[in-house]
Amino acid sequence: MPLHTRILLGLAVGAALGLAANLGLGADHGVVKFALTYIAGPIGQVFLRMLSMVVMPLVFASIALGVAGVGDIRRAGRMGIKTLAFFLVTTALASALGLFLVSIVDPGAYVLPAVRDE
């Protein structure tokens, strides 16, 4: 079985088991709390920390190899300025889009006050 099929199958089985546990036993059940606190929580934290340990060196190596591949330091400077400008423009567009969507959707408007305070 190909890797992508096994990954999607594992994702589907995990989602189905999690949904069944929450709906069948309830989120406040001792078994569900135990599994979340002592199994899923630590495994998830380890996975995220391992992922960040892999991503940081890959990003650094990609940037270093990209700059080394440019050759001329003046071209690298111009490319850096263009990259910074692109980053700032896309960040501003993403922020504006986010603010626009929040003003239209108004998230949390229909949440009960008791749930909101909780």
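Every number here is computed from the coordinates shown, using simple stated rules; none is lab data. Keep in mind that what you see is a predicted model, and the values were worked out from it rather than measured. Note that we place each Cβ from the backbone using ideal geometry, even for glycine, and neighbour counts take in every protein chain shown.
How big, on average over all directions, is the shadow cast by the Cα convex hull of region 34-87, in nm²?
Mean projected area of the Cα convex hull: 4.9 nm².
For the chain, what is the mean residue ellipticity at 222 nm derived from helices alone (per DSSP H run of n ≥ 4: -39500 (n - 2.57); sum divided by total residues; nearest 500 deg cm²/dmol)?
-28000 deg cm²/dmol
Mind listing the Cα extents of the chain along all three principal axes, in Å, largest one first?
So the three principal-axis extents are 64, 45, 27 Å.
Dipole magnitude of the chain about its Cα centre, charges +1 at Lys/Arg Cβ and -1 at Asp/Glu Cβ only, in debye to the nearest 20?
620
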